[in-house]
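A quick write-up on the structure given underneath.
The values are calculated or read from the model by the stated rules, or taken from the named source; none is laboratory data. Since we're looking at a predicted model, the values are computed, not measured. A quick note on method: Cβ atoms are made from the backbone with ideal geometry, for glycine too, and the neighbour counts reach across all protein chains shown. What goes into the accessible areas is simple: the full protein's heavy atoms, side chains included, and nothing from ligands, DNA or RNA. Shrake-Rupley method; radii C 1.70, N 1.55, O 1.52, S 1.80 Å.
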Amino acid sequence: MSHTKTIKNLIVVGGPTGSGKTDLAIKIAQKFGAPILSADSRQFYRGMAIGTAQPDPAQLAAAEHHFIACREVDDDYTCGDYERDALALLDGIFTTRDTAVAVGGSGLYINALCEGMDDLPDADPELRARMEEQWHAGGSGQILARLQQLDPEFYDKVDRANPRRVIRALEVCIKSGAPYSTLRNAAPKERPFRTMKLAPDMPREELYGRIDRRVEGMMAAGLEAEARALYPRRALNALQTVGYRELFDHFDGSTTLTEAVESIKRNTRRYAKRQMTWFGRDPRMQWFAADRPQDALDAVEAFILSETKN
RNA sequence: GGUGCCAUAGCUCAGUUGGUAGAGCAACGGACUGAAAAUCCGUGUGUCCCUAGUUCGAUUCUUGGUGGCACCA
């Protein structure tokens, strides 16, 4: 009495911040009885509910949510951890259900989940800190020379002005004993599910208006107090986040509250632009008019009913 | 009402001894495989308020407007 194995579906909702991803994801989840996984590198953290626009209690009650407020701000959590944890969670979900939704603005995390990361060594915080310090003390030339020696191929194509790229590459070379470029193949990994990627689309001007209003709403909801509570731990990676850094500067006394709020709006717009660049280059991303969620729902239904492998 | 000052990029302003202009911020484009709401790279987008003169040539000088600011009435 065995039946054909059902195809499993992961519906990915990406797109810029403030475009209505959360609401669209809930609509999809409700229509298809699917749980939601956050793919947002900042909504993972407790204590950052307002500033990262985590789903509110009503939204949390409207669908099954995962990866929201599940880590402490002093946890080091990376896209590699996320790939592992999300795949494990989906394994369980797909034993009883056919469809899940992943929603978030962190393009790298979505890639990790859908296509996978190459098998590379983890970060070495001590090594990193040392190289970072050297870089900023004027020693970037030596770091670059070392990379050129250990991985000339990557040295040629890396953005040499970007310490993150250069230091990470060198870190991998040192820890693995092999050139970084030989460890990367960027081949999409096999997944036990097929994926559909969609994102809400709207005129730039409208998105910026929504961002401004959302920032005002965050302030009204108590963002300042939320940031104040995290101020002592401002150096943590989790707090290198739009909405907090600007308020920390204000707490330092270097800006007025009004200036801080304007900065948050501006930096959120810049963040949205970077997200649009990232998602815009993904050929599989389908953009739907944000004010026509039914179009997206119809497309998701057609995808789920289709027999296409991917 | 009179006098003076100002009018140049989305904003604040610089500048051209007459040869159609450039800074900051904003904005825009891009990169990005274990920090990714991070990190980094690139781009000037302009009836130089309008009008009529002078001139080979006016954003620049002159006339007259318009708008703004200040002071005097």
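Say whether the condition of being touching a Lys or Arg at 6+ places or on another chain (Cβ under 9 Å) and under 30 Å from A:ASP91 (Cβ atoms) is met by at least one residue in the stretch A:267-281.
The answer is yes, given that some residue of the stretch A:267-281 is touching a Lys or Arg at 6+ places or on another chain (Cβ under 9 Å) and under 30 Å from A:ASP91 (Cβ atoms).
If A:ASP76 meets every condition in (1) modelled with pLDDT of 95 or more; (2) within 11 Å of RNA strand B (Cβ to nearest atom) apart from one, which number is that one?
Of everything listed in (1) modelled with pLDDT of 95 or more; (2) within 11 Å of RNA strand B (Cβ to nearest atom), A:ASP76 misses just condition (1).
Sort out which residues of the stretch A:241-283 are assigned to a helix (DSSP H, G or I) and more than 24 Å from A:GLU206 (Cα to Cα), and write them in order of number. Can you show your working first?
Here is the first cut: in the stretch A:241-283, the residues assigned to a helix (DSSP H, G or I) are A:245-252, A:257-280.
Matches in the stretch A:241-283: A:ARG245, A:LEU247, A:PHE248, A:ASP249, A:HIS250, A:PHE251, A:ASP252, A:LEU257.
Return the residue satisfying two criteria in turn: it lies in the stretch A:24-63 and is surrounded by fewer than 16 Cβ atoms within 10 Å (Cβ to Cβ) and over 25 Å from A:ALA260 (Cα atoms), and of such residues it is nearest to the chain's Cα centre (by Cα).
By that ranking, first place goes to A:LEU60.
Got a sec? Which of A:GLU153, A:GLU133, A:GLU126 is surrounded by fewer than 13 Cβ atoms within 10 Å (Cβ to Cβ) and in contact with a helix residue (DSSP H, G or I) (Cβ under 6 Å, 6 or more places away or on another chain)?
Numbers: A:GLU133 fails: in contact with a helix residue (DSSP H, G or I) (Cβ under 6 Å, 6 or more places away or on another chain); A:GLU126 fails: in contact with a helix residue (DSSP H, G or I) (Cβ under 6 Å, 6 or more places away or on another chain).
After applying the criteria, what remains is A:GLU153.
In this structure, does A:LEU257 turn out to be free of Cβ contacts under 8 Å to residues at least 40 places away in the same chain, over 29 Å from A:THR78 (Cβ atoms) and either open to solvent by less than 20 Å² (accessible area, probe 1.4 Å) or not hydroxyl-bearing (Ser, Thr, Tyr) (or both)?
On the way: free of Cβ contacts under 8 Å to residues at least 40 places away in the same chain: yes; over 29 Å from A:THR78 (Cβ atoms): yes; either open to solvent by less than 20 Å² (accessible area, probe 1.4 Å) or not hydroxyl-bearing (Ser, Thr, Tyr) (or both): yes.
So A:LEU257 passes the test.
If a residue must be over 30 Å from A:ALA187 (Cβ atoms) and either within 11 Å of RNA strand B (Cβ to nearest atom) or of a type in the set (Phe, Trp, Tyr) (or both), how many such residues does the stretch A:117-147 contain? Reasoning before the result, please.
Kept after step one, since they are over 30 Å from A:ALA187 (Cβ atoms), are these residues of the stretch A:117-147: A:126, A:129-130, A:132-142, A:145.
Remaining after also requiring either within 11 Å of RNA strand B (Cβ to nearest atom) or of a type in the set (Phe, Trp, Tyr) (or both): A:129-130, A:132-133, A:135-136, A:140.
Total satisfying the criteria: 7.
Any residue at all in the stretch A:284-305 that is part of a loop (DSSP other than H, G, I, E, B), out of contact with any Gly (no Cβ under 6 Å at 6 or more places or on another chain), more than 30 Å from A:PRO232 (Cβ to Cβ) and among the β-branched types (Val, Ile, Thr)? Steps first, please.
Of the stretch A:284-305, the ones part of a loop (DSSP other than H, G, I, E, B) are A:284, A:290-292.
Narrowing the set further to residues that are out of contact with any Gly (no Cβ under 6 Å at 6 or more places or on another chain) leaves A:284, A:291-292.
Add one more test, that the residue is more than 30 Å from A:PRO232 (Cβ to Cβ), and what stays is A:284, A:291-292.
With among the β-branched types (Val, Ile, Thr) added as a condition, the list becomes none.
For the stretch A:284-305, residues part of a loop (DSSP other than H, G, I, E, B), out of contact with any Gly (no Cβ under 6 Å at 6 or more places or on another chain), more than 30 Å from A:PRO232 (Cβ to Cβ) and among the β-branched types (Val, Ile, Thr): absent.
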